[in-house]
Amino acid sequence: MDTSFKDLNLNPQLERALTKLGYKVPTPIQLKAIPGLLEGKDLIGIAQTGTGKTAAFVLPILHRMVEKYPRKIRTLVVAPTRELAAQIGESFTQYGEFLKFKHTVIFGGVKQGKQVQALTKGVDILVATPGRLLDLIDQRKLTLKNVDFFVLDEADRMLDMGFINDIKKIISRLPHKRQSLFFSATMSPQINKLAKSLLNNPIHVEVTPQATTVELIKQEVFFVDQKAKEQLLLKLLKHEHLTSILIFTRTKHRANKVAVFLNKNNISADAIHGNKSQNARTKAIKDFKTGKIKVLVATDIAARGIDIPEISHVINFELPNEPESYVHRIGRTARAGAKGTAFSFCAAEERSYLHSIERLIKQNIEVMDHTFHSETAKNAVGAAAKPAPKQRGSFRSKSKKSFSKKFKPKHRFKRR
Ligand code: AMP
C-alpha cells in the first residue's frame, strides 16, 4: 500500500496545507528524505527539479522550526537562479500557509531597497541567490549567525555558473552547529568534494528521474535545414493542437529572434534569458502561466528550475551541445508524472549532438516525416555533422560533401 503523508507524522498545520494543495502521497524523494530530516540528519540528495524535492526539504524544515518565531534567519536556502529562488519562496508560502513564519526571497538584478526593508522587519526564513546574499552580508544588512537549517539547491548548476567561491564564503559565515542539506541533479568529483566540506555524516538520497521521465515523454525528431526551422515551427504551431509550448534555443540571440518571428506571425510569445531584466523575466513567466502567451522561448540557464506544470510541448528549436541538457529540457513537459511531448529540430550541423543525446538516453528518437524534411540533415556525418568552427550563429552554409548515399538510416519513419 502507498505510504501517505499521514505516515510521516508531520505537523498537523503542514498536513492541512498539503490537503489543501491536493497532495495525496509523497513522491519518492519525499519518502526517502523526510524521515531522516525530521530526525535532524544532514542530507545529500541527487535529484532534479520536478521530483518534488522542494517539498522534501521545506516540509521537514518547517516541521522542525515550529513553535519558535524569533524573526531571525533560522533557515537559509541558497539557489542558483532568481526564478528558482522565487519558486522556493512560493513553496514556503504554500506549505507554511497555516504556520506563522515570515520569509523573504532576495536576488540580484533588481534594486535592493525592498529586500532590505523585508529583512529589517525580520524574517525566519531567507531564500537567496549567492551574489545578492553576499552583497547584503557585506553591507551588514543581514547575518547568518542564527542559521539552524541550511539548504544548498542545484549545487551542480551553481558550480557551472561559477559560484563556487561565493558558496564557500557563504558556508564560512554559517554557525558550525546546523543541519545542512545539499541537492544536485548530477554527481561529479567536484560536487562530492563540496558536499563533503558542508555535510556531517549525511543520509544519501538519490532519485533518478532521467529514465522514468524520459519514458513518459513522447519524443520526436524533425530533420530540417537550419533556414527552414522557422517555417517548420510555424507549421507545427498552426496545425497541431499544442497548448502551452516551451521552446529552447542555444543562444539568447536566437531566443529573441524566435519570439519576434512568432509574434510577427500572430503567435503570442516571449523570450527569457540572462540578458533580460528580472522584471521582464518574471512577467514572461507569469504571462505564460496564465495563458496570456502561448509560447515561451528560453535558453537552458534561464529555464532551469522554473516550475510550470502545464507545459504540453517542449520544442528544441536547437539541440543542446550537452546531452544532459536535453534530458533537463524535455523533463519540463512531464512534471510530477504527467505525460508530455518533445519535438527536436535537428539541422545537419547538430547531427552529432543528436547522436550524443541518443547514446545518453539509450534510445533512438522517432523520426518524423514532414514537408521540410532534410535528407542532408539526417545523413550528415563527419565535419558536416558538427557546427563549423570559428563561426558564430547557426546560419552558415552547409557542406554538400556530407551527403552520403551509403548511410543506412536506422530510424523508423512515421508517415502522417
Ligand atoms: P519540485 O521538484 O520541488 O520543483 O516539484 C515539482 C512539482 O511537483 C511542483 O509543482 C510541486 O507542487 C509538485 N509536487 C511536489 N510534491 C508533490 C506531491 N507529493 N504530490 C503532488 N504534487 C507534488
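What follows is calculated from the coordinates using simple rules that are stated; it is not laboratory data. Computed from a predicted structure; not experimentally measured. Here the Cβ is made from the backbone with ideal geometry for all residues, glycine too, and neighbour counts use every protein chain on show.
Structural remarks
- For region 72-112, the list of trypsin sites (Lys or Arg not before Pro) that fall in a loop by DSSP and count at most 11 other C-beta atoms within 10 angstrom reads Lys100, Lys111.
- Enclosed volume per residue, in Å³, of the convex hull spanned by Cα atoms of region 174-243: 215 Å³
- Prolate/oblate/rounded call for the chain, Cα gyration tensor, a/c under 1.5 rounded: prolate
- Using the Cβ-Cβ distance between Lys141 and Thr3 with R0 = 51 Å, the FRET efficiency computed as 1/(1 + (r/R0)^6) comes to roughly 0.75.
- √(5λ) per eigenvalue of the Cα gyration tensor, region 5-206, largest first, Å: 24, 21, 15
- Whole-number percent relative contact order across region 5-206, with pairs defined as alpha carbons under 8 Å at least 6 apart: 29 percent
- In a reduced charge model with +1 at each Lys and Arg Cβ and -1 at each Asp and Glu Cβ, the chain shows a dipole moment near 1140 debye about its Cα centre.
- Projecting the Cα positions of Leu142, Tyr95, Gln48 onto the charge dipole of region 5-206 (unit charges on Cβ atoms of Lys, Arg, Asp and Glu, taken about the Cα centre) puts Leu142 furthest along the positive direction.
- Segment Lys362-Thr93, length gained on full extension (0.36 nm per residue, minus Cα span): 92.9 nm
- For the listed peptides 19-32, 241-254, a ranking on the average number of other beta carbons within 10 Å per residue, highest first, reads 241-254, 19-32.
- The chain - mean residue ellipticity at 222 nm from DSSP helices (-39,500 (n - 2.57) per run, n ≥ 4, rounded to 500): -11500 deg cm²/dmol
- Sequence-separation-based contact order of region 1-89, relative, with Cα cut under 8 Å and 6+ spacing, percent: 27 percent
- Exposed-loop-free span, longest in the chain, where GluC sites (Glu not before Pro) count as exposed if DSSP calls them loop and at most 14 other C-beta atoms lie within 10 Å: 98-239
- The chain: relative contact order as a whole-number percent, Cα under 8 Å and 6+ apart: 16 percent
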